1. Report the relative contact order of chain B, percent, no decimals, based on alpha-carbon pairs under 8 angstrom and at least 6 residues apart.
2. P(r) for the stretch B:11-226, please, calculated from all Cα pair distances in 10 Å bins and given in %.
3. Can you pull the percent of the stretch B:1-144's accessible area that's carbon plus sulfur, 1.4 Å probe, other chains left in place?
4. Per DSSP H run of at least 4 residues, take -39500 (n - 2.57); add these up for the protein assembly as shown, divide by its residues and hand me the 222 nm value, nearest 500 deg cm²/dmol.
5. Amide H neighbours of B:Val306 under 5 Å, at least 5 residues apart or on other chains, H built in the peptide plane: list them.
6. Using the alpha-carbon centroid of each, what span in Å lies between the stretch B:60-100 and the stretch A:90-160?
7. Of B:Arg4, A:Arg150, which has the most accessible area with a 1.4 Å probe, and how do the rest follow in descending order?
8. Report the one residue of A:Gly223, B:Ala203, A:Trp213 whose Cα lies farthest in the direction of the positive end of the charge dipole of the protein assembly as shown (charges on C-beta: Lys and Arg +1, Asp and Glu -1; origin at the Cα centre).
Amino acid sequence: MVTHGARRLLWLACLALLLVGPGCRYPRDVEGTLDRVRGGVLHVGVTENPPWVVRGDPPAGVEVDLAREIAAALDARVRWHWGAQSELIAALEQRQIDLVIGGLRDNPALTKQVALTKPYAKLPAGVGFPAGAGKAPPDNLDGQTVHVPRVNHLADPLHDEGARVVPFDGPPPTGQALGGAHWWLRARGLTVGPWVLRTERHVMAVPKGENAWLALVQRHLNGVDDLPARLADASRAYPDGQGGESQ
Amino acid sequence: MKVRAAYRLPDDKHRAIERLVRLEWLNLVLRISIVAVMYFALGNSQAMKAGWYEDILSLLPAIMFLLVVRFRDRTPNERYPYGYQRLTIIAFLAASVALLMMGGFLLVDSLIKLVSMEHPTIGVIELFGHSIWMGWVMIAALAYSVVIPLTLGFFQERLAEQVHEKTVYADAKMSKADWMTGLAAAIGVLGVGAGWWWADALAGALISLDIISDGFKNLREAVGDTLDRHPRFTAKTEPSPLPEELAARLRAMPWVKHAEVRLREEGHVFSGEAFVVPHSDDNLTHNIAEATRALNHHDWRLYEIVITPLPGVGPR
């Protein structure tokens, strides 16, 4: 009898909240970000990180375009705020801005401070080889020399594979094996080897607890199905972009 | 050293124990599945976290019962002349301490979130090509985590009562009360969806209080058993009348002038002493041996009663 009553109570409670839910848009923000942005101003924190965010007035890049699309869908104007990632994240934590972009990658330290979207792009990183006549990529990386940008996060996994890691400053050397995101290697005309050394999981950041706003951003990102084309365009337009250096 | 004879369950009780063991295996497997399901739905919700820890802790009684039931029927030996019956109590004590500590940790954790006014984030996930608010997934997981213990708890309770298995009985009681924590967590999650940042941490705090109270109840019970408190039947909170029954039975014997009995619980069985004042010393050892046999067969839960004869005056 007790269990029967308990179960009924549970269903009643669920039903009541289900009825209330759709009527007033569910989930809702704790601080009402979405309502404020709609038809108003979207404050976006940007950190330079080509091809995601490219410095300029106005800024350009893959994520800048995404942010513009979100604002357009809400009939909002965008105000761009340049800053270091740590500054922008602190401002976001205190709800001074609404969105932070700049090639952010999923990581537990960020999750403690702000709310991250689910990764909208999971981009494998590996090694690309110059496409010589009849030359195929080697079977393994043992003893291979791989050139990587000075700012990179592939040195450790490359060492683990037995590769010799040579960092370069400035433009990438031609005719050499390079390490980087697969899309970036392809854009440089290299043949991509079968290794996935890291997967770069790209996210955007919003304030904690703004669940309606987060859901809207997430839904927009989920709806983007031409990301490879966008990345290819961006890497043509901004050839210096090295793909995902966000730290 | 004089070693006790092994305790043997009556056949029907033995079959009931075997049924209970099968039920507890099923219980363990289903509860592991609950822990897995809850893990995938956790997100950043404090209420879900508290519920998840509770689900993990609720694996303990099943695991302990299954372990203990394997070892406690070993024959008493030179090293352990009283046998292994009390393993049950040790397991019960350990589980209750774990509950208390985890409840305390979760309570502090939830209160910190309340005080620091942390806004919980519950995002959106892609499921079968649809973007679904994670809150609905959490509530589905909570429903799963409530329905199974509720159903199993009903059978556990009945079987555990038959064989006087206190740990399983306490577990069943807790499982049946679990729907409240499930409901609290669901309301917390729905509250966050409604824009109330405090709903989640508050639900988390309530759930931790429930865990603490479960832990406290079990601890009191376990300490009582360890201190050889007046035995109680599984399903009842009043002391068992068994000692008085045994004393009455002794007093009814023609050679007995006065008798009193003292019992303690050793896990799922009772042992103790009887103090007897005989009318005369004639045939005393024979009478005591007869009476001992009679007492030990009085109830299936009785393991070992030792009868001590006292001279003349009352036993106290």
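The values are calculated or read from the model by the stated rules, or taken from the named source; none is laboratory data. The structure displayed is predicted, hence computed values, not measured ones. For neighbour counting, all protein chains shown are included, and Cβ atoms are generated from backbone atoms with ideal geometry for every residue, glycine included. Ligands, DNA and RNA are stripped out before the accessible areas are found, and what is left, the full protein with its side chains, is counted by its heavy atoms. Shrake-Rupley method; radii C 1.70, N 1.55, O 1.52, S 1.80 Å.
1. 19 percent
2. Calculated over all Cα pairs of the stretch B:11-226, the distribution is 9, 32, 31, 18, 9, 3, 0 percent.
3. The nonpolar share, carbon plus sulfur, comes to 68 percent.
4. Value at 222 nm, helices only, nearest 500: -16500 deg cm²/dmol.
5. For B:Val306, whose amide H was placed from the backbone, the distant partners under 5 Å are B:Gly272, B:Glu273, B:Ala274.
6. What the calculation gives is 52 Å, centre to centre.
7. So, going from the largest accessible area down, we get A:Arg150, B:Arg4.
8. The residue sitting farthest along the positive end of the dipole is B:Ala203.
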